[in-house]
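Here's the structure, in structure tokens; my notes come after.
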Amino acid sequence: MLSKDQIRQEILRIRNSLTQNEIVTCSNIISKRVISTKEFKKSLSIGIYFPIGSEVNTFEIIKHSLSTKKTIGLPRIIDANRIVFFKIIENSFEVIKMTKGKYGILENSTSDSIIEEMDLLIVPGIAFDLQGNRIGYGKGYYDRFLSKGKASYIIGLAFEKQIINKIPKTENDLPVNALFTEKRIIYF
């Protein structure tokens, strides 16, 4: 079995080879799937990532959430060990003020309102397996956040090419409840 680092490098290479058109087209399909689920519809507070690089684009989910008056939080890296989700205070996606934070990740810099607990958390990943395990960028921010139990339901977003059979797992790794790709939804 490949190590997490080997998997991360290989799947990131594959994901980065997607064209911008493929990313947009597949992201739109994934977003529509998420928005149509009962888990999303019943959620009042949602934590979601702002995409970087070749990640699944979450803009349509954020826009829809704002238009339906859901409380939306974007992550901000606080220190070497912690991310916190800050509520989007703007009423529309187009006016959200984003600034580059740690690792060049865009963060909503205008909010100081922390979302302590959320009904739904939508997480990125570099690779996912068929048991709901994920590999991120290797810093462990999401795993530490998930271990606190502040999210009732966790959805991973990925392109089909990011799914592998098995990821090596440690006791600190927490699986997602569902995985959405452009081809399918997998519930765990």
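With respect to (1) among the aliphatic types (A, V, I, L, M); (2) surrounded by fewer than 17 Cβ atoms within 10 Å (Cβ to Cβ); (3) under 22 Å from Asp143 (Cα atoms); (4) touching a Lys or Arg at 6+ places or on another chain (Cβ under 8 Å), the lone exception for Ile11 is condition (2). Counting the residues of the stretch 14-52 that are farther than 28 Å from Thr68 by Cβ, in contact with a Lys or Arg (Cβ under 8 Å, 6 or more places away or on another chain) and assigned to a loop (DSSP other than H, G, I, E, B) gives 1.
Checking Leu2 against (1) at pLDDT 95 or above; (2) farther than 18 Å from Met98 by Cα; (3) surrounded by 13 or more Cβ atoms within 10 Å (Cβ to Cβ); (4) of a type in the set (A, V, I, L, M): exactly one of these is not met. Which one? Here Leu2 meets the rest and fails (1). Among the residues of the stretch 124-139, which ones are closer than 14 Å to Glu160 by Cα, in contact (Cβ under 8 Å) with a residue 40 or more places away in the chain and outside any loop (DSSP other than H, G, I, E, B)? Passing the criteria: Ala127, Phe128, Arg134. Pick from the stretch 54-79 the residues that are over 14 Å from Pro124 (Cα atoms) and among the small types (Gly, Ala, Ser): which of them is surrounded by the most Cβ atoms within 10 Å (Cβ to Cβ)? Residue satisfying both the conditions and the ranking: Ser65.
Scanning the stretch 56-86 for residues that are part of a strand (DSSP E or B) and either among the hydroxyl-bearing types (Ser, Thr, Tyr) or under 20 Å from Glu39 (Cβ atoms) (or both) yields Thr71, Ile72, Gly73, Leu74, Pro75, Phe85. Scanning the stretch 153-182 for residues that are farther than 21 Å from Ile52 by Cα and within 15 Å of the chain's Cα centre (by Cα) yields Tyr153, Leu174, Pro175, Asn177, Ala178. Of the residues Ile126, Ile185, Ile122, which is modelled with pLDDT of 95 or more and more than 12 Å from the chain's Cα centre (by Cα)? Just one listed residue meets the conditions, Ile185. Taking the numbered list (1) touching a Leu at 6+ places or on another chain (Cβ under 9 Å); (2) assigned to a loop (DSSP other than H, G, I, E, B) in turn, Tyr142 passes all entries but (2). Here Asn81 does not qualify as at pLDDT below 95, over 30 Å from Leu2 (Cα atoms) and of a type outside the set (Val, Ile, Thr).
Residue pairs whose Cβ atoms lie under 6 Å apart, sitting 6 or more positions apart in sequence or on different chains, and linking a residue in the stretch 102-123 that is assigned to a loop (DSSP other than H, G, I, E, B) to a partner that is β-branched (Val, Ile, Thr), are Ile105/Ile52; Ser109/Thr99; Ser111/Ile89.
Applying the set (1) crowded, with 19+ Cβ neighbours inside 10 Å; (2) small (Gly, Ala, Ser); (3) free of Cβ contacts under 8 Å to residues at least 12 places away in the same chain to Ala158 leaves exactly one unmet item: (3).
The values are calculated or read from the model by the stated rules, or taken from the named source; none is laboratory data. In this text, all values refer to a predicted model and were calculated from it rather than measured experimentally. So basically every Cβ, Gly included, is an ideal-geometry build from the backbone, and we count neighbours across all protein chains shown.
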